[in-house]
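The values are calculated or read from the model by the stated rules, or taken from the named source; none is laboratory data. What you are looking at is a predicted structure, and each value in this text was computed from that prediction instead of being measured. A quick note on method: Cβ atoms are made from the backbone with ideal geometry, for glycine too, and the neighbour counts reach across all protein chains shown.
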Amino acid sequence: MCGIVGAVAQHNIVPVLLEGLRRLEYRGYDSCGVAVHTGTGLQRVRSTQRVAELAAQAAQDGVQGLTGIAHTRWATHGAPLTHNAHPHFSGPDQGAPRIALVHNGIIENHDALRTELQAAGYVFQSQTDTEVIAHLVDHLYDGDLYAAVQQAVRRLEGAYAIAVFCAQEPHRVVGARQGSPLVVGRGADGNYLASDALALAGTTDQIMYLEDGDVVDLQLARVWVADAQGRPVERPVHTVQVHTGEAELGPYRHFMQKEIFEQPRAVGDTLQDIDAIMPELFGDGAHAAFQAIDRVLILACGTSYYAGLTARYWIESVAGIPVNVEIASEYRYRTSVPDPRTLVVTISQSGETADTLAALKHARSLGMDQTLTICNVATSAMVRECKLAFITRAGVEIGVASTKAFTTQLTALYLLTLALAQTRGRLDAAAEEQAIKSLRHLPAAVSAVLALEPQIIAWAERFASKENALFLGRGMHYPIALEGALKLKEISYIHAEAYPAGELKHGPLALVTDAMPVITIAPHDELLEKLKSNMQEVRARGGELYVFADADSQIASAEGMHVIRMPEHYGKLSPILHTVPLQLLAYHTACARGTDVDKPRNLAKSVTVE
């Protein structure tokens, strides 16, 4: 989602700002911009094109400066047009602006503030909530930018991370955060702000994580932080090694394809050095925490929510613990019945998902303080907020549609299932040995599924002309059907829905015609015969079935029945294997339709607004 980069340095910082934006492109955006202090005033360039076009425009206009801010925007308030792009300016004289500001998040009281500022004489040039903040800071400015920002943020309701500088103070950038991530980079020749440490890779590895309510003053010689009460605070500086080599596309056509094929490595890395099942895999104190709980609450959004749904089947059947899975954005706004003996598990690729963070805080406010996160970023807010954590090792995921992050989340959740079962005395030595054996073979099993790509490409050519699709699964493969439908709609823009196969006769069967492909996940498990009956319901209505079947499922290709055989049935871990062909089907269908696979329209990678 939106990205921020800011800098105060002893050299021209435009290359640093633009490189930071390039590193954040994977999050998704629809406009971008950069503003600097030239030494005599403010200069700005904005674009609704890619960062490369912004850089060319900045070079053409000769944009240079020692102080500046830059931004990639994912539209919320106002269409993706140049006048809505950040940075926004404000000042008594629009011809010579005084304030430049960028913002991530949503200001909920922007309408009231806009009315107040218009009455004070401010003329708005955009439809954004962000411009309200710029004018508010200018309205409160009395020679001290830091004091003006401190006063301004007290008036804001909602989530924000902001970076702002002023024409009258050429070597100063002020930042603030509430509910949206913001980090400080300490360098030998300057100090930096960013919404993600990745933006500063190659510039500095000395990172300070700001807390909610913090306001930070960046100058050449110092960094000053005050908390929400205005008290000076010291935030620790961490050495953060951000590896960017994985951002190279290599021989692949898109990052999504690359990341699909990285899954054997990602799963293997996530399982690295695990030769025994133990609660301590999830952090110090996990054993006591697991003993102290009677149930599990999983909070997540999107793909991570489907991982949680899969985990519910595992945890309840293997560990014997009741599980509730909640969409994070819904959970915090309904009246629920809290239980202090609950393990609250959050799942997030980035660890910065705003809805999930808010749901976690809500759960804690209800007295549920046993918290654990499954996350791909060790330095994220989610990891810092939870008592326990398991860090997946998917590596950097550039494609907006999650692939290797999802399968590594499932891998981690299966480990959690086993650890909970062991704590409950439901995992004996023989079962543990077999589980570890299956997990060690998992990367090879995923590689075998990837070898099915040529067959899946043939299916994708047929799917390219479709506008609707139906996905079916049963039991623990129903969430995988949901994930398959999500992938197809995300990147190919084909309308796709998923249902438990037994629900066909309760409504979705009305949609089935020969124009509606029905993708079915058919593992050789205890529900296979039931699933075959559901498939016959589709065939009887002239539906076209596309079945991913285990080798021993005895489902044969026939007219109206297209079958790709999976290499092997993999028991409880079967959902991980059946995920992979659905990813490939979505990917190649999108390629056949000519969509922007890595940056699908209207979507963002890290959703840091509510």
- line: Residue pairs within 7 Å by beta carbon, gap of at least six or interchain, first lying in region 426-454 and in contact (Cβ under 8 Å) with a residue 24 or more places away in the chain, second loosely packed, with under 12 Cβ neighbours inside 10 Å and outside any helix (DSSP H, G or I), listed first then second, are ILE436/ASP275
query: Could you count how many residues in region 531-550 are in contact (Cβ under 8 Å) with a residue 12 or more places away in the chain and over 20 Å from HIS569 (Cβ atoms)?
result: 7
message: So, PRO15, is that one more than 27 Å from ILE106 (Cα to Cα), surrounded by fewer than 24 Cβ atoms within 10 Å (Cβ to Cβ) and either of a type outside the set (A, V, I, L, M) or modelled with pLDDT under 95 (or both) or not?
response: yes
query: Considering ALA592, ALA586, which residue is of a type outside the set (Lys, Arg), buried (at least 23 other Cβ atoms within 10 Å of the Cβ) and in contact with a helix residue (DSSP H, G or I) (Cβ under 8 Å, 6 or more places away or on another chain)?
result: ALA586
- request: Kindly indicate whether any position in region 20-28 is closer than 28 Å to GLN349 by Cβ and at pLDDT 95 or above.
  value: no
- prompt: Among SER195, SER180, which is under 20 Å from LEU18 (Cβ atoms), of a type in the set (Ser, Thr, Tyr) and in the same structural domain as ILE99 (by TED's automatic domain parsing)?
  reply: SER195
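Each row is one residue, and each column tells you yes or no for (1) in contact with a Ser or Thr (Cβ under 9 Å, 6 or more places away or on another chain); (2) among the charged types (D, E, K, R); (3) farther than 18 Å from ALA35 by Cβ.
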position	(1), (2), (3)
PHE89	no, no, no
ALA100	yes, no, no
ARG114	no, yes, yes
HIS135	yes, no, no
field: Residue satisfying condition, being farther than 21 Å from PRO232 by Cα, of a type outside the set (Val, Ile, Thr) and surrounded by fewer than 17 Cβ atoms within 10 Å (Cβ to Cβ), within set ALA147, ALA188
entry: ALA188
- line: Subset of region 353-376, residues touching a Leu at 6+ places or on another chain (Cβ under 9 Å) and outside any helix (DSSP H, G or I), comes to MET368, GLN370, THR371, LEU372, THR373, ILE374
message: As an exercise: evaluate ALA52 against (1) part of a strand (DSSP E or B); (2) surrounded by fewer than 22 Cβ atoms within 10 Å (Cβ to Cβ); (3) hydrophobic (A, V, I, L, M, F, W, C) and give the number of the one condition it does not meet.
response: (1)
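Every residue, every condition in (1) of a type in the set (D, E, K, R); (2) in a helix (DSSP H, G or I); (3) outside the structural domain of GLU352 (by TED's automatic domain parsing), yes or no:
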{"residue": "ALA100", "(1), (2), (3)": "no, no, yes"}
{"residue": "ILE106", "(1), (2), (3)": "no, no, yes"}
{"residue": "TYR122", "(1), (2), (3)": "no, no, yes"}
{"residue": "SER126", "(1), (2), (3)": "no, no, yes"}
{"residue": "ASP138", "(1), (2), (3)": "yes, yes, yes"}
{"residue": "ARG172", "(1), (2), (3)": "yes, no, yes"}
query: Hey, ILE327 hits all of (1) buried (at least 21 other Cβ atoms within 10 Å of the Cβ); (2) more than 19 Å from ALA419 (Cα to Cα); (3) out of contact with any Asp or Glu (no Cβ under 7 Å at 6 or more places or on another chain) but one; which does it fall short on?
result: (1)
query: Any idea which of ALA378, ALA401 is aliphatic (A, V, I, L, M) and in contact (Cβ under 8 Å) with a residue 24 or more places away in the chain?
result: ALA401
message: Every residue in region 420-444 that is surrounded by 22 or more Cβ atoms within 10 Å (Cβ to Cβ) and among the small types (Gly, Ala, Ser), please.
response: ALA421, ALA435
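Matching residues to (1) buried (at least 23 other Cβ atoms within 10 Å of the Cβ); (2) of a type in the set (D, E, K, R); (3) in contact with a strand residue (DSSP E or B) (Cβ under 9 Å, 6 or more places away or on another chain):
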{"residue": "GLY3", "(1), (2), (3)": "yes, no, yes"}
{"residue": "ALA35", "(1), (2), (3)": "yes, no, yes"}
{"residue": "ALA70", "(1), (2), (3)": "yes, no, yes"}
{"residue": "GLY78", "(1), (2), (3)": "no, no, no"}
{"residue": "THR82", "(1), (2), (3)": "no, no, yes"}
{"residue": "ALA85", "(1), (2), (3)": "yes, no, yes"}
task: Mind counting the residues in region 535-564 that are in a helix (DSSP H, G or I) and over 35 Å from the mean Cα position of the chain (by Cα)?
output: 5
message: List the strands (runs of 3 or more DSSP E) inside region 202-318, counting only whole elements, that have at least 3 residues being surrounded by 14 or more Cβ atoms within 10 Å (Cβ to Cβ).
response: 206-209, 215-219, 223-226, 295-300
message: Looking at the structure I just gave you, is ALA134 under 19 Å from VAL215 (Cα atoms) and either touching a Cys at 6+ places or on another chain (Cβ under 8 Å) or in the same structural domain as ASP227 (by TED's automatic domain parsing) (or both)?
response: yes
- line: Given (1) surrounded by fewer than 23 Cβ atoms within 10 Å (Cβ to Cβ); (2) more than 18 Å from ALA464 (Cβ to Cβ), VAL538 misses just (1)
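Of all residues in region 330-345, which are β-branched (Val, Ile, Thr), surrounded by 15 or more Cβ atoms within 10 Å (Cβ to Cβ) and farther than 16 Å from THR392 by Cβ?
THR342, VAL344
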message: Looking at (1) under 21 Å from LEU410 (Cα atoms); (2) at pLDDT below 95, which one does THR335 not meet, given that it meets all the others?
response: (1)
